[in-house]
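Nothing in this text is a laboratory measurement; each read-out follows from the coordinates by a stated rule. Just so it is clear, the model here is predicted, and its values are computed rather than measured. Ideal geometry is used to build each Cβ from the backbone, glycine not excepted, and the neighbour counts take in all protein chains shown.
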Amino acid sequence: MSGTRMDDYRKMLLNPSVEAKGFTRWWWYGAAVTREQISRELAHMQEAGLGGVEIQITYPLQEDSEADGIRNRAYYSPEFFDMVDHALTEAERLGLFVDLTLCSGWPFGGPFVPYDMAPDILIPYQIDLVGPTEYEMDFTTILPGNPSHAVMGKFENGAIVQGTLTDLTEYLDATWLHGWPWGHKLNKVSVPEGHWKIYIFITNMYKQQVGIPAPGMEGYAIDHCRKDVSDFYFAQFGDPLIEKLGKGRVRAFFCDSIELGGNNWTKILPAEFLARRGYDLTPFMPALWGNIGEATGDIRYDYYRTFSELTIENFFRNFTDWSHSRGSKTRIQAHGTWGDILQAYAAADYPEGETFGANDKYEVNAVHRRLASSAGHVYGRKVITNETFTWLRTPRFTETLEMMKAAVDAVFLDGINQIANHGYSYSPESAGKPGWAFYASSFISHNNTWWEYYPILSAYIHSASAFLQAGDSYAETAIYLPQADVWSSTPLAELHMAMKLEEHIGKPLVDRVQKAGYAFDFLNDEAVTALSRLTDQGMEIGANRYRTIILPKVARMPLETADRLKAFVLEGGTLIVVGDRPRSVPGYVGREANNKNLRQLMDDLLGGRAGEWNPVGKGKTIRVADEDGLIARMRESQVPVVAIESIGEEGDPEPAAQTIGYVHRIFDNGHLYFVSNVSGEARLARITFKYGGRSAVVLDPMTRETVRFVHRGATVVELAFEPFQSFVVIFDDDLPETAGEASMLRATAEHAQVLQDISRDWTLRIPEAGFERELARLETWERFEETRYYCGHAYYEKTIVLPEIPPASRIWLELEGVREVAEAFVNGESAGVLWKAPRRLDITDRLREGENALRIKVVNLWINHMLSPDLAEPKPASPVSENWPYFTERIRQIRDRRLYGHKERQQVESPQPSGLSGKAVLTITSGRIETQ
């Protein structure tokens, strides 16, 4: 941060950095775009306050049509590059950046990827035999793939006897048909006495395909473990792009989530395993599926560790190296990979999390967000992005700006500091309204009914992100990732490390740690052993000072990690073990000696009884049974960095800390906190800041106002949060000392008195529908047959009469039911927008004595239109068209699933409320006024 005086904060508040703006994924369907519409949509985005776009080119929604101006473009054709070049030129003119997905669909792949570069799936087949006997088998047409390994072992008491494992791979042979290779067989094997199992491991003949690509871009996904494959891919797909468009014009190349169904093998793994782990995997391969005794977990760990290293080195880091050499950066969604998840995210310049589903509530999202932000904090990535609003609501067209504000704050509270909208669909004017829409994203484009009000949310995202990108992330608590346990306990699988970690640790544990006031980062083994520095302030990584490290149900731990944790405790750190202590060192080589050393080390660290503190050097350790014991012991050991308590709500079933969260960042002379109420309820909160005691200022990133100052020496700030309200609180030595009150900040209209009930006698006008109706009371318009399915804007109008407004008084308009966004006009001038709770607006400055014209413009959601029985859904006239992409059945299936309202009609039975309903009142605060 360049300065710490108040004018620096005002500048950041009023003129946040351009780099902090949100951006959006921009779907191009079949690359059926035009120069004019590209320019038009980029202008819409720029006017709405977005900072850039990520272009993702996917399936077409319509066949070529001269009448509709639709022309799908073949990938990498001259016309294709012309459109992308125009988008880059226009974006640069408008001050927008452009990111580009280095694929059509996901994962990376395409028609140029050969079969032998596609991901492998290893499938184990098991044959039971009782010896002594001889066995042979022709697998031709029986096993759908190539038998690559065969191992035999004696089976006793539910497990393979490790000492009997025998490599039979040399017995595998080919079968022939008229001189052509036809299949495979196992030649005759002698089986000794007893119960034996033969495992045949085949590499499946069916390979992963790219998901939902543009026509012509269908093909195999790439093997993410081989450098020769990723080099080939970047040369075939990436380099021509750079040659055509120019080096450095794309800000960052994007890699979407790793969705490689069933991928659990690569042909280079046996050789790499031998080189990296020091022994041959093949004789031990039954451990990848079955049980070979105590060594089972060690073999699995070594297998997955090798798989992890290959993926991170040969794909993730190679991707970033390639991008840097071409003048661009990378954004990577690493979730879905089997690898060391923090290393995978940190391979990117911009680690990116993801949020899907109804995540407009405050809770730690470890699987897709906190792991990404932890990677950024631990590996020094200043900006962590997040694909936001995916499946925010189902069915589509039901998401609101209020939901989106809550979802954004939940993302921020997980340590993310830049928002990527998901998303914006390119849509030609001929598509009408609502136009083209993506099946999985929220509908955030110029075609949405509430788009004209999106800039309010966009400006908030911009302002909040600017503060969240200032200084450095700071945490004093860390949670160790039990990746060794996940690898050791998982059989041969398409392993989703992020999901398995969340499952192993438990969502309640991380959520309770956070809401108890202990913001935390996750740490992997590399962070503990190689990236940290031990001091009397704790384990230091970047600006973080981890004073408490939690081991959540950790059974296996590398010896180097355990040794480093012991040094951490000796230096003064606190180690809390949840559940049993680590008892095994993962990995096969040296396992007995390593386990003996670990037992001694853990005895030194965790001697004494569970539940009691054990002093070790300058620090201490303890074992607790569960998260209840964890939180209790943390409170004994360490003051929360931020403690949030309810005020005046005794017996509240949901204390303030359950809906109000914080993010902590530090800079040279102070501490910055982002605090947010992710709730539709107003909350009064007393917030105790461990690092207060300085002059402080409270800022509102939504209104961009300085809310209040707090006098020097205060550590407690009392705040009144409106629903979905956020503040930035900054303690800074360089702020001027002020005599400002440290008492509670109360909502402006909290104790307002009703001045007039204006719920009756309105006129409802909907010009687009040719509809006008006098209303005895406020009613939503879907109640009327003529406007049952209408979506768009409508106007509620009436005249109100007021006497003179006393000085210092404020008049508020309060509406009970708004579906979904309302803009109030008083005497022809806009008085503000009601788009989230509380639906209350200060209209004082637009009022005058006597008659006042009140007009409320309301927009609803597109969902009602999607329910209309009159919605035209044209079908192709025949299976084949004269226009590209020729096969109309493909287009029909895509449109039925992803464009029209089949799913909406299945999930929503009747039109949803649209417009105003319930009470409408004018209230007054301060001063007196005579009512009529």
Taking the mean number of other Cβ atoms within 10 Å as a proxy for protection, how do you rank 568-580, 118-130 from highest to lowest?
568-580, 118-130
The simple spin-label model distance between R609 and D7, using points 7 Å out along Cα→Cβ, in nm, is 6.5
Along the charge dipole of the chain, pointing to its positive end and built from +1/-1 on Cβ of Lys, Arg, Asp and Glu, which listed residue (G194, F467, Y59) has its Cα farthest out?
F467
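Which three semi-axes in whole Å describe the equivalent ellipsoid of segment 391-522, each the square root of 5 times a Cα gyration tensor eigenvalue, listed largest first? Let's see the in-between values first.
Details: eigenvalues 245, 97, 29 Å².
Values for segment 391-522, descending: 35, 22, 12 Å.
Hey, with R₀ at 35 Å, roughly what FRET efficiency would D68 and A769 work out to, going by the Cβ-Cβ distance, to 0.05?
Details: r = 25 Å, r/R0 = 0.72.
With a Förster radius of 35 Å, E is 0.85.
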Using +1 at the Cβ of each Lys and Arg and -1 at the Cβ of each Asp and Glu in segment 477-637, identify which of A632, L565, Y518 lies farthest towards the dipole's positive end.
A632
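As a footprinting exposure proxy, order V858, V408 by other Cβ within 10 Å, with the fewest listed first. Write out the running numbers ahead of the final one.
Values: V858 25, V408 28.
The order, fewest Cβ neighbours first, is V858, V408.
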Could you give the size of the charge dipole of segment 642-732 about its Cα centre, using +1 on the Cβ of each K and R and -1 on the Cβ of each D and E, expressed in debye and rounded to the nearest 20?
460
Fully extended, how many nm does the chain gain between E429 and D842 (0.36 nm per residue separation, minus their Cα-Cα distance)?
144.9 nm
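Take each of the peptides 706-718, 898-910, 690-702, average the number of other beta-carbon atoms within 10 Å over its residues, and list them starting from the highest. If you can, show how the numbers build up before the last one.
On the way: 706-718: 17.5, 898-910: 15.2, 690-702: 20.4.
Packing order, densest peptide first, comes out as 690-702, 706-718, 898-910.
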With Cα atoms, 0 to 90° folded angle of helix 591-606 axis to the chain main axis
40
What is the magnitude of the charge dipole of the chain about its Cα centre, with +1 placed on the Cβ of each Lys and Arg, -1 on the Cβ of each Asp and Glu, and no other charges, expressed in debye to the nearest 20?
980
Which value results when the Cα radius of gyration for segment 477-637 is divided by 2.2 N^0.38 Å?
0.98
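Determine the dipole magnitude for segment 134-216: charges of +1 sit on the beta-carbon of Lys and Arg, -1 on that of Asp and Glu, nothing else is charged, the reference point is the Cα centre, and the result goes in debye to the nearest 20.
Working: 5 positive and 8 negative charges, 65 e Å.
Dipole of segment 134-216, to the nearest 20 debye: 320 debye.
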Report the full-extension gain for the segment W182 to E494: residue separation times 0.36 nm, less the Cα-Cα distance, to one decimal in nm.
109.4 nm
Which percent of Cα-Cα pairs in segment 780-857 sits in each 5 Å bin, short to long?
3, 13, 24, 23, 16, 11, 5, 3, 1, 0
Roughly speaking, what is the stretch gain from E134 to R777, that is 0.36 nm per residue apart minus the C-alpha to C-alpha distance, in nm to one decimal?
222.5 nm
Once amide H atoms are placed 1.01 Å from N in the peptide plane, what residues at a sequence separation of 5 or more from I160, or on another chain, have their amide H within under 5 Å of its amide H?
N291, I292, G293
Step through the residues of segment 672-681 one at a time and calculate ³J(HN,Hα) from phi using the Karplus curve (6.51 cos²θ - 1.76 cosθ + 1.60, θ = phi - 60°), rounding each to whole Hz and writing x for Gly and Pro.
10, 10, 9, 10, 9, 9, 8, 7, x, 10
Could you compute the FRET efficiency for T529 and D628, with r as their C-beta to C-beta distance and R0 at 22 Å, rounded to 0.05?
0.10
Starting from the 7 Å offset along Cα-to-Cβ, what nm value, one decimal, do you get for the label separation of E193 and E170?
2.6
For semi-axes √(5λ) of the Cα gyration tensor in Å, with candidates [x] 53, 39, 24; [y] 56, 36, 25; [z] 70, 45, 25, the value calculated from the shown model is option [x]
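Run the helix sum for the chain: -39,500 (n - 2.57) per DSSP H stretch of 4+ residues, divided by residue count, reported at 222 nm to the nearest 500 deg cm²/dmol. Show your work: numbers first, answer last.
Numbers: 21 runs with 215 residues, N = 932.
The helix-only estimate for the chain comes to -7000 deg cm²/dmol at 222 nm.
Within 10 Å, count the other beta carbons around each residue, average over each peptide in 773-779, 679-685, 819-825, and list them highest first. Please report the intermediate quantities before stating the final value.
Values: 773-779: 14.7, 679-685: 18.9, 819-825: 21.1.
Those peptides, ordered most packed to least, come out 819-825, 679-685, 773-779.
At 1.306 mPa s and 10 °C, plugging the Kirkwood radius over alpha-carbon pairs of segment 236-281 into Stokes-Einstein gives what diffusion coefficient in µm²/s?
On the way: Rh = 14.5 Å.
Roughly 110 µm²/s, to the nearest whole number.
By the gyration tensor of its Cα atoms, with a ≥ b ≥ c the square roots of the eigenvalues, what is the shape of segment 312-392: rounded for a/c under 1.5, prolate for a/b over b/c, or oblate? Working shown, then result.
Values: a/c = 2.05, a/b = 1.85, b/c = 1.11.
Prolate shape, in that a/c is at least 1.5 and a/b is the bigger ratio.
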Nitroxide proxy distance, nm - points 7 Å out along Cα→Cβ at I142 and F232:
3.2
Tell me, what is the percent relative contact order of the chain, built from C-alpha pairs under 8 Å that lie six or more residues apart?
10
Dividing the mean separation of Cα pairs under 8 Å (6+ apart) by the residue count of segment 35-156 yields a relative contact order in percent of 28
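If you take the beta carbon distance between E36 and Q906 as r and set R0 to 35 Å, what does 1/(1 + (r/R0)^6) give as a FRET efficiency, to the nearest 0.05?
Once the sixth-power term is evaluated, E becomes 0.45.
Give the whole-number value, in cubic angstrom per residue, of the convex hull volume spanned by the C-alpha atoms of segment 642-732. Numbers along the way, then the final one.
Numbers: hull volume 7.8 nm³, N = 91.
Here the figure is 86 Å³ per residue.
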Measure nothing but the geometry: give the 0 to 90° angle between the long axis through the Cα atoms of 627-637 and the longest principal axis through the Cα atoms of the chain, rounded to 10°.
70
Helix 454-468 against the longest principal axis of the chain: what's the angle in degrees, Cα atoms only, rounded to the nearest 10?
60
Considering the Cα trace of segment 193-313, what is its radius of gyration and what is Dmax, both in angstroms?
18.9, 69
